[in-house]
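K.L.:
Have a look at the structure that comes next, please.
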Amino acid sequence: MSPKQKRLLARILIALALFIVIEALSLTGTLHSWFGDPGAVYVEFALFLIPYLIAGYDVIAGAFRGLAHGHAMDEDFLMTVATFGAFALVFFPHTDPHMAEGAAVMLFFQVGELFQSYAVDKSRKSIADMMDIAPEFANIMEEGKLKQVDPFELAPDDEFIVMPGERIPLDGTIIDGESQIDTAALTGESVPRTARPGDEIISGCVNMTGRLIVRATKPFEDSTVSRILELVENAAEKKARTENFITRFARIYTPAVVGVAAVLAIVPPLLFGQDWSDWILRGLTFLVVSCPCALVISVPLSFFGGIGGASKLGILVKGSNYLEALGSTDVVVFDKTGTLTDGTFSVTEVNPAAGVSADELLATAAFAEAYSTHPIAQSVRTAFGANIDGTRVADVHEVSGQGVEAVVDGKAVLVGNNKLMNAHHVAFETPEAVGTVLHVAADGTYLGSIVIADTVKADAARAIADLRAAGVKKTVMLTGDRADVARSVAAKLGIDEVHAELLPQDKVAEVEKLLHETEEATHGKGKLAFVGDGINDAPVLTRADIGIAMGAMGSDAAIEAADIVLMNDNPADIARAITVARKTMGIVWQNIVFALGVKFAVLVLAAFGIANMWMAVFADVGVAVIAILNAMRAMNVKK
């Protein structure tokens, strides 16, 4: 508990102890025997004011501050008016005294506030665990000694040292040393990763075993840890439609019930000669019951808990609006490479044309792909195995969705798919092989083909099965790869629909069609999520109802474009994210139905004079506490 919560708990316990003693003196008739009638009533009034003010002085102060600033219609105001009214019934000594109820309403309201504060803190802690990834310093070598500096002081290409047990301060490349890296704070993954010279490492992770010398690749403000912290801090600003509705509902509902309570208390005695104390009590009871704190507190808390619970799994949700949309997901669309497959390509076949050697074919392709960062290009260079003399390569041009054009040793070389060959009117032969086929041509002459295969991720099939179990109705795969390769992967995984040989703009067009189909099939209720690696899928991630970037550690494009970022490279996390979202939305609606149902029933009873102040206390504080405890379930997730 925080110091503030401990102080509130102490006040509640002191007030409760005093309340019990005073109530015992009242119920046993001790006060009446000491002070007679009506003196006992006035003494009781004074005594109950003590626990009332100990428990609720800050609520009363908050109500008057709100009144002064024109924000009167909140729960502090309703509690203050209702409890003042309960104490004011002392001016009707012939009625049963209601000071005890007034003190109890304030006491139990503060119990509800304590529960709310504790629940929010617990939920915030799971997000704060994510916030703890912020490094406090970076080590640099200065005059032969290790010196700690602020990470903001370092620039790209500066070298820094990370000792065992320290948090990595900036994104960078290891230039010396080998270690185990704990990525759990970002990914939720408990198994450390091995890092060696040449490997990229990202800020926020913990260096576990060895001393590392790292060259910074980004300034601190652009590092992964800074982007994630910004994302988490801003998550609360993007409210779900349900949350916004509850906020708007409270703004209209609260003044309305204050008006009804006033009418209920004043009109019958004024116009029909009814008993003032009876109808004032009905109005006050109505006022206590009507307080919307159960909804105003529990609904945002449920979303906050869901976001916090997801963060424990390495799933970053940018706002409760995205969590709400994810809970309604009916269709999940996947990019293939790097999402369902490893994206680590390897050459499986080299098919030279007549009169061309396999070595010549592979060398020509490797030189043309010398400057490409695409995984396919890297696999060709790896298969070639020798050093590439960059001076032999000129005029490199990557053609989106087709391949590479380059001049190698003075020859115009083409390396790419069928579309590239057709565009340059080169006759080619497609081998009978499952995989990505790269055709190679030089000065218009076809040199042969290279087949490259990508491996399906080990968890991909289970991820698709988990999505169906989570209630997703259709899965779709979009890829720029060949149709036969796409169909082969889809068959292995059990994906419902495949669209292959797509350019980036074609993917957007396909998602547009699927969005329209989903809207028609579900009458606008179902949502479409697109899952990509976040690097070249930014347009599609942005266009989908929910953009999910997977395996996005260090990817600026993913963190910018996606609504939900899965920090671990595991497709099974998609179903887990949907499960968290659906559980959260279930809790939200349970709280809405329960709170409104109980309140409506007791409001009717209060209007007819059947409900007393104790029932009102339950309908307000009791319902709020139950709703808060229910909302706290949203943060409980299984790792």
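The values are calculated or read from the model by the stated rules, or taken from the named source; none is laboratory data. If you're wondering where the values come from, they're calculated on a predicted model, not measured in any experiment. Every residue, glycine as well, gets a Cβ built from its backbone with ideal geometry; the counts of neighbours run over all protein chains shown.
K.L.:
Considering Ile252, Ile280, which residue is under 41 Å from the mean Cα position of the chain (by Cα) and over 29 Å from Leu528 (Cα atoms)?
P.N.:
The unique qualifying residue is Ile252.
Matching residues to (1) within 12 Å of the chain's Cα centre (by Cα); (2) closer than 27 Å to Thr522 by Cβ; (3) modelled with pLDDT under 75:
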| residue | (1), (2), (3) |
| --- | --- |
| Val257 | no, no, no |
| Leu301 | no, no, no |
| Ile315 | yes, yes, no |
| Lys318 | yes, yes, no |
| Val333 | no, yes, no |
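K.L.:
Can you name every residue in the stretch 149-163 that is over 23 Å from Pro197 (Cα atoms) and touching a strand residue (DSSP E or B) at 6+ places or on another chain (Cβ under 6 Å)?
P.N.:
Within the stretch 149-163, just Val149 meets the criteria.
K.L.:
Among what's in the stretch 393-405 and is of a type in the set (Val, Ile, Thr) and surrounded by fewer than 20 Cβ atoms within 10 Å (Cβ to Cβ), pick the residue that is farthest from the chain's Cα centre (by Cα).
P.N.:
Only one residue fits best here, namely Val393.
K.L.:
Next up: For the stretch 351-392, which positions are surrounded by fewer than 19 Cβ atoms within 10 Å (Cβ to Cβ) and β-branched (Val, Ile, Thr)?
P.N.:
Correct list: Val356, Thr373, Thr382, Ile388, Thr391.
K.L.:
Can you pull out the residues in the stretch 349-368 that are in a helix (DSSP H, G or I) and over 51 Å from the mean Cα position of the chain (by Cα)?
P.N.:
Glu360
K.L.:
Still on this structure, I have one more. From the list Ala383, Ala365, which one is in contact with a Phe, Trp or Tyr (Cβ under 9 Å, 6 or more places away or on another chain) and either in contact (Cβ under 8 Å) with a residue 12 or more places away in the chain or closer than 27 Å to Ile548 by Cα (or both)?
P.N.:
Sole residue among the options that is in contact with a Phe, Trp or Tyr (Cβ under 9 Å, 6 or more places away or on another chain) and either in contact (Cβ under 8 Å) with a residue 12 or more places away in the chain or closer than 27 Å to Ile548 by Cα (or both): Ala365.
K.L.:
Restricting to the stretch 596-620, name every residue that is over 15 Å from Val260 (Cα atoms), part of a loop (DSSP other than H, G, I, E, B) and at pLDDT 80 or above.
P.N.:
Ile610
K.L.:
Right, something else. Here are Val598, Val593, Val588, Val604: which of them is closer than 30 Å to Ala470 by Cα and free of Cβ contacts under 8 Å to residues at least 60 places away in the same chain?
P.N.:
After ruling out the rest, the residue left standing is Val593.
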